[in-house]
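Reading through the structure tokens given below for one structure.
Derivation of every value follows stated rules applied to the coordinates shown; laboratory data play no part. Please read all numbers here as calculations on a predicted model, not as lab measurements. No Cβ is skipped: glycine too gets one built from the backbone with ideal geometry, and neighbour counts run over all protein chains shown.
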Amino acid sequence: MRHLHWFQTDLRITDNLALASHSAADSLLCVYLMPKPRPWCNSNGLGGQRDRFLRESLQALRESLQDVGQDLMVLEGSPELVLPDLVARFAITELSMSFTPGYYESQTLLHLQAALTIPVEVHPGNSLFTQSELPFELPEMPKVFSPFRRQVETLAVPGPGPAIERLPPPPAAQFDAIPRANSTPHTALPLPGGREAGKRRVRQFIFDQAAIIDYKSTRNGLDGLDGSSTFSPWLANGNLSVREVAHDIFRFERERLSNESTYWLYFELLWREFFYWRAVSDSRALFRSGGVAGKAGQSTFIASAFTRWCAGNTDYPLVNALMRQLTATGWMSNRGRQIAASCLINELGIDWRFGAAFFEKHLIDYDVGSNYGNWQYIAGVGSDPRGGRHFNIDKQSAQHDPDGLFTKKWQGVRPAQPVDVTDGADWPLAPD
Ligand SMILES: Cc1cc2nc3c(=O)[nH]c(=O)nc-3n(C[C@H](O)[C@H](O)[C@H](O)COP(=O)(O)OP(=O)(O)OC[C@H]3O[C@@H](n4cnc5c(N)ncnc54)[C@H](O)[C@@H]3O)c2cc1C
């Protein structure tokens with residue numbers, strides 16, 4: 001029995017059912033394929049910080065695999081071409097993966113199942129509940145968050161699986177070094193990839209600093225580390241399993257203190273869960289301009305305004321600071337994402353999908369369901385019962401950056417030339 005495990009967003013060897021299923025195999029080939037942004041994203045490749053976080057995570061995964069007698073092969077190319085080639089080359093008899101939501105991901109799976117004559121086993125992914133543990137069939141899943149939450153929040157979250165202690169050996173093959181990234185973590189927000197860094201952050205936020213006790217009042221902070229948990233990069237890449245994080249919250253509540261804030265951190269994991277399953281259920285509609293709601297979407301693209309939004313060069317200093325923070329660190333707070341997204345959609349009048357694609361390129365916590373689902377929510381074509389959000393940027397600046405420190409830190413200046421020039425009408429006239 002020669003098996004292959006395809007790693008995607010499950011970059012860990014603990015609580016990884018798919019990886020644990022190979023204990024009886026004679027050999028196991030562990031493979032990761034570098035991701036490519038959506039085909040309609042207008043810029044190529046991953047952003048520097050996303051690429052950096054991913055490569056650090058892969059290096060850490062490789063080392064943990066080596067500790068249990070394994071190795072990791074990192075390749076470029078589309079899974080539809082590379083995986084059948086590996087299956088043939090190594091005479092693989094079974095392929096496994098952890099479930100990964102998303103339309104393109106499900107198309108890839110269908111393609112592999114059709115192209116390969118060996119079993120393709122799909123094990124539960126990085127969710128609190130498996131599909132069969134949900135109290136509804138997916139087509140009946142609530143389209144908005146509150147009824148979803150009411151149905152799932154009383155369910156017990158199953159405990160995470162154990163760490164794997166030994167894996168079958170890899171086949172004779174060449175395992176090249178993983179090329180290092182060109183970027184390094186930003187000193188203002190050093191979020192390194194890899195499981196150990198994620199565990200350290202959970203320990204620090206929940207147990208050592210007990211910042212979880214005040215989470216509800218700090219979570220809207222614009223800068224990471226002093227505000228919200230910043231668990232998202234490790235959750236999105238699967239360095240941490242969401243069940244482990246949930247059980248760490250429950251342990252803190254049992255052993256130390258349980259209050260509205262400790263509950264609220266779990267509540268946010270339920271938001272993640274909501275978008276995870278909505279991505280499965282909504283399939284292609286997750287990428288439509290009119291979204292799941294099937295509304296007439298705004299499909300405008302104004303190249304100059306979009307370029308200025310991406311570069312942090314709009315008429316809104318706070319948005320500029322947020323966009324500069326994103327490209328410099330690969331992270332942006334939840335409130336920041338809402339403001340930046342609302343600006344693109346409502347002030348600049350651009351199709352939300354261009355903003356979502358730019359976030360996909362840069363976010364170190366990029367996650368298909370959470371990214372596209374939240375963008376649709378702000379654009380009013382997704383799961384928001386109130387029909388979209390329009391944030392007043394001046395009010396948001398006054399509330400979340402009253403002294404302008406965040407805007408100053410990330411050089412959110414107002415450009416000399418506004419995005420829309422309004423004195424054009426005078427241009428043909430000679431001066432008075
Ligand atoms: C336009 C937009 C795009 C987004 N894109 C992504 C994305 O690609 N990946 C991603 O993980 N999150 C995304 N989010 C959700 C949210 O902004 C981030 O999860 C959060 O800011 C991460 O920081 P944190 O870990 O400190 O969050 P915390 O406030 O500490 O929350 C803890 C965890 O709960 C989950 N969570 C919190 N808020 C949300 C939410 N609104 N939706 C889904 N899950 C949530 C995350 O897993 C997060 O790590 C997006 C939000 C918006 C408005």
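Relative to the first principal axis of the alpha-carbon coordinates of the chain, what is the inclination of helix 79-89, with its axis defined by its Cα atoms, in degrees from 0 to 90 and to the nearest 10?
20
Among DSSP bridges having both ends in the chain, what percentage is antiparallel? Round to the nearest 5.
The answer is about 5 percent antiparallel.
Taking the mean number of other Cβ atoms within 10 Å as a proxy for protection, how do you rank 327-339, 253-265 from highest to lowest? Walk me through the numbers before you get to the answer.
On the way: 327-339: 22.2, 253-265: 14.7.
Descending mean neighbour count gives 327-339, 253-265.
Mind checking the angle between helix 242-255 and the chain's longest principal axis? C-alpha axes, 0 to 90 degrees, to the nearest 10.
80
Pick out, in residue order, every one of the GluC sites (Glu not before Pro) in the stretch 63-145 that is DSSP loop and has at most 15 other C-beta atoms within 10 Å; say none if there are none.
On the way: sites: GLU63, GLU76, GLU80, GLU94, GLU105, GLU121, GLU133, GLU137, GLU140; in loops: GLU76, GLU137.
Those that pass, being in a loop and sparsely packed, are GLU76, GLU137.
Near LYS395, which aspartates and glutamates are there with a Cα under 17 Å away, not counting those fewer than 8 places off in the same chain?
ASP315, GLU347, ASP403
So, by mean Cβ neighbours within 10 angstrom, what's the order for 275-283, 404-412 with the highest one leading? Write out the running numbers ahead of the final one.
On the way: 275-283: 22.3, 404-412: 17.8.
The densest-packed peptide leads the list: 275-283, 404-412.
Using a simple charge model, +1 on the beta-carbon of Lys and Arg, -1 on the beta-carbon of Asp and Glu, nothing else, what dipole does the stretch 194-342 show about its Cα centre, in debye to the nearest 20? Could you put the intermediate results ahead of the total?
Values: 20 positive and 14 negative charges, 80 e Å.
Roughly 380 debye for the stretch 194-342.
Show which lysines lie in cross-link reach of LYS143 when reach means a straight Cα distance below 23 angstrom and same-chain residues fewer than eight apart are skipped.
LYS295
Compute the signed sum of charges (Lys and Arg +1, Asp and Glu -1) over the other residues within less than 14 Å, Cβ to Cβ, of LEU189. Before the final figure, lay out each step's value.
Details: positive: ARG50, ARG52, ARG201, ARG324, LYS409; negative: ASP223, ASP226, ASP365.
Its environment carries a net charge of +2.
About its Cα centre, what dipole magnitude does the stretch 1-143 give when the only charges are +1 on Lys and Arg Cβ and -1 on Asp and Glu Cβ, stated in debye to the nearest 20?
Working: 10 positive and 17 negative charges, 93 e Å.
Dipole about the Cα centre, nearest 20: 440 debye.
Under a Cβ-Cβ cut-off of 9 Å, what is the net charge of the residues other than VAL74 that fall near it, where Lys and Arg count +1 and Asp and Glu count -1? Don't skip to the end; give the middle numbers.
Details: positive: ARG55, ARG62; negative: GLU76, ASP176.
That works out to 0.
So what is the calculated 222 nm ellipticity per residue for the chain, using -39500 (n - 2.57) for each DSSP H run with n of 4 or more, over all residues, to the nearest 500 deg cm²/dmol? Mind showing how you got there, number by number?
Working: 17 runs with 177 residues, N = 432.
Calculated at 222 nm, the ellipticity per residue is -12000 deg cm²/dmol.
How about LYS361: which lysines have a C-alpha closer than 16 Å to its C-alpha, ignoring those fewer than 8 places off in the same chain?
Within reach: LYS36.
What net charge do the residues around PHE301 carry, taking every other residue with its C-beta under 11 Å from that of PHE301, with Lys and Arg at +1 and Asp and Glu at -1? Present the calculation step by step, with values, prior to reporting the outcome.
Working: positive: ARG353; negative: ASP351.
Surrounding charge for PHE301 is 0.
Determine, from the Cβ-Cβ distance of SER258 and ALA398 and an R0 of 22 Å, the FRET efficiency 1/(1 + (r/R0)^6), rounded to the nearest 0.05.
Values: r = 34 Å, r/R0 = 1.53.
Efficiency computed from Cβ-Cβ geometry: 0.05.
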